[in-house]
Structures are given as C-alpha cells and as structure tokens.
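Participant: The structure's right below; bear with me while I get my questions together.
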Amino acid sequence: MSDIITLDDTLQLRAVDESHVTALHQLVLKNKVWLQASLNWPQFVNSEDDTRKNVQGNKMLHERGYAKMYLIFKHTDVVGVISFNLIEPLNKTAYIGYWLDEDHQGQGILSRALQGIIHCYVQRGEIRRFVIKCRVDNARSNRVAVQNGFTLEGCMKQAEFLNGDYHDVNMYARIIDTVSQ
Ligand SMILES: CC(C)(COP(=O)(O)OP(=O)(O)OC[C@H]1O[C@@H](n2cnc3c(N)ncnc32)[C@H](O)[C@@H]1OP(=O)(O)O)[C@@H](O)C(=O)NCCC(=O)NCCS
C-alpha cells in the first residue's frame with residue numbers, strides 16, 4: 001500500500017522506497033558539505049550503495065512502525081526528508097527529524113511538511129506527543145519548532161556530539177489529541 005501524505009497542489013510526502021534511491025543520493029551529495037554543519041551522518045555517505053542501504057533499513061522500520069521516513073516531493077523533485085527517527089508506540093510519542101535542500105529553504109516547505117505529518121498521525125490515532133530535539137545554536141531548526149506550535153520543555157547539556165564538540169540541545173514537544181478537519 002502506498003503511503004503518501006498530500007500537503008497541497010505542489011507538495012507531497014512519500015514513504016521512502018527503493019525507487020527513490022538515486023534522487024535521494026544526488027540530493028544528499030549536493031548538500032553534503034552544508035548538511036555536515038548540522039547533522040552527523042552526511043560524512044558517512046559516499047556511494048549510492050550507502051544511500052540504498054539506508055533506504056532499505058528505513059523502509060523496513062517504516063513498514064514495521066518503529067520509525068517513519070518520508071521524502072518531501074515538490075512536483076516530481078525530491079527536496080528534503082522528514083522522519084520520525086523513533087516511535088514509542090505505548091507512549092504514542094514520535095521523535096522528529098528533518099532536512100531540506102539548501103536552495104529550498106525559506107519557503108515554508110518544512111513547516112508544511114511538519115504540519116502535514118502531525119495532522120496525519122494524530123488522525124490515525126497513532127501519535128499524540130511529537131518531539132523535536134535540536135542544538136541550541138541551530139537557529140533555523142529552533143525557529144521551525146517555535147513557529148509550528150512546539151513548546152520548549154528543557155535544555156539538555158552537551159547532549160549531541162557534532163564536528164568535534166558536545167553541544168547543548170533544546171527539547172521541544174507538541175501534544176495533540178484531536179485534529180479539527
Ligand atoms: C532546519 C531547516 C529544515 C529549516 O528550513 P526552513 O526553510 O527555514 O524552514 P521552513 O520550510 O519552515 O521555512 C521557514 C521560512 O520560510 C518562510 N516562509 C515563506 N513562506 C512560508 C509559509 N507559507 N509558511 C511558513 N514559512 C514560510 C518563513 O518566513 C521562514 O523564513 P525565515 O526563517 O527566513 O523567517 C533547514 O534549515 C535545514 O535543512 N537545515 C539543515 C538540517 C537541519 O538542521 N535539520 C534539523 C536538525 S535538528
């Protein structure tokens with residue numbers, strides 16, 4: 001069964017699939033140096049096979065409900081990724097991760113993807129607590145959390161190792177029990 005979340009006339013979230021490997025890999029390569037300033041994993045992506053293995057692993061986790069990984073499509077182009085890196089089914093809690101193509105920032109694409117995935121999973125009754133963890137000095141990601149209705153619950157000291165240092169991390173959450181249509 002295809003798992004697609006339609007956001008508007010131009011944007012869709014599509015569950016990651018092996019048919020997306022080449023497009024996703026090209027997007028990672030294009031953004032690799034830039035993304036490395038915010039995320040730890042890009043340095044480990046070299047060949048298309050690295051991306052294929054990542055896609056296969058995430059597809060399996062997606063289908064089993066341990067995690068979710070959606071590619072953000074603008075028309076027919078992949079422009080980013082939004083995921084639940086971890087789902088706690090008993091607690092109905094999901095930990096959200098995301099990144100965009102650098103050239104597609106500043107258009108509200110990630111915010112629409114975030115609202116769409118939240119709406120969908122609240123409606124499905126699977127998740128009620130959504131969590132974003134981001135480094136204190138990642139200004140754009142903190143802005144995404146605040147502008148999309150997340151509340152700062154605390155700051156975890158030196159909780160994320162990135163590029164040679166341990167960074168403080170803000171934890172935001174948004175709790176929703178029902179979605180208005
Ligand atoms: C974090 C990241 C996804 C944010 O991207 P973004 O484009 O700033 O986020 P959004 O798509 O929500 O867009 C918000 C921006 O679009 C603008 N915008 C334009 N139209 C908009 C609309 N219809 N709705 C909302 N915002 C809109 C907003 O004003 C805002 O711009 P500003 O920050 O200059 O004020 C991106 O910077 C990124 O991929 N960073 C690297 C990876 C990363 O850090 N991931 C998170 C790790 S915790």
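The values are calculated or read from the model by the stated rules, or taken from the named source; none is laboratory data. Small disclaimer: the values here were computed from a predicted structure and weren't measured. Quick reminder, even Gly has a Cβ in these numbers, built from the backbone with ideal geometry, and neighbours come from all protein chains shown. Note: areas computed on protein heavy atoms with side chains; ligands, DNA, RNA excluded. Shrake-Rupley method; radii C 1.70, N 1.55, O 1.52, S 1.80 Å.
Participant: Which pairs have Cβ atoms under 7 Å, sit 6 or more apart or on different chains, and link a residue in segment 121-144 that is within 18 Å of ASP177 (Cα to Cα) to one that is charged (D, E, K, R) and at pLDDT below 95?
Facilitator: Pairs found: ARG128/ASP177.
Participant: If you check every pair at least six apart or on different chains, which have Cβ atoms under 8 Å apart with a residue in segment 91-111 that is touching a residue at least 40 places away in the same chain (Cβ under 8 Å) first and a residue that is among the hydroxyl-bearing types (Ser, Thr, Tyr) and more than 10 Å from the ligand (Cβ to nearest atom) second?
Facilitator: Going by the 8 Å Cβ cut-off, the qualifying pairs are TYR98/SER83.
Participant: Looking at (1) within 16 Å of the ligand (Cβ to nearest atom); (2) assigned to a strand (DSSP E or B), which one does LEU27 not meet, given that it meets all the others?
Facilitator: Against the list (1) within 16 Å of the ligand (Cβ to nearest atom); (2) assigned to a strand (DSSP E or B), LEU27 comes up short only on (2).
Participant: Output the residue which, of all residues in segment 46-57 that are touching a residue at least 12 places away in the same chain (Cβ under 8 Å) and crowded, with 19+ Cβ neighbours inside 10 Å, is farthest from LEU162 (Cα to Cα).
Facilitator: So, considering only residues that are touching a residue at least 12 places away in the same chain (Cβ under 8 Å) and crowded, with 19+ Cβ neighbours inside 10 Å, the one farthest from LEU162 (Cα to Cα) is VAL55.
Conditions (1) under 22 Å from LEU29 (Cα atoms); (2) surrounded by fewer than 20 Cβ atoms within 10 Å (Cβ to Cβ), marked per residue:
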residue	(1), (2)
TYR70	yes, no
LYS74	yes, yes
THR93	no, yes
TRP99	yes, no
SER111	no, yes
GLN115	no, yes
GLY125	no, yes
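Every residue, every condition in (1) in contact with a strand residue (DSSP E or B) (Cβ under 9 Å, 6 or more places away or on another chain); (2) open to solvent by less than 20 Å² (accessible area, probe 1.4 Å); (3) at pLDDT 95 or above, yes or no:
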position	(1), (2), (3)
HIS104	yes, no, yes
HIS119	yes, no, yes
LYS133	yes, no, yes
SER141	yes, yes, yes
LEU152	yes, no, yes
ASN163	no, no, yes
HIS167	yes, no, yes
THR178	no, no, no
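Participant: Same structure, new question: Among residues belonging to segment 78-95 that are part of a strand (DSSP E or B) and away from the ligand (no atom under 15 Å from the Cβ), point out the one that is farthest from the chain's Cα centre (by Cα).
Facilitator: GLU88
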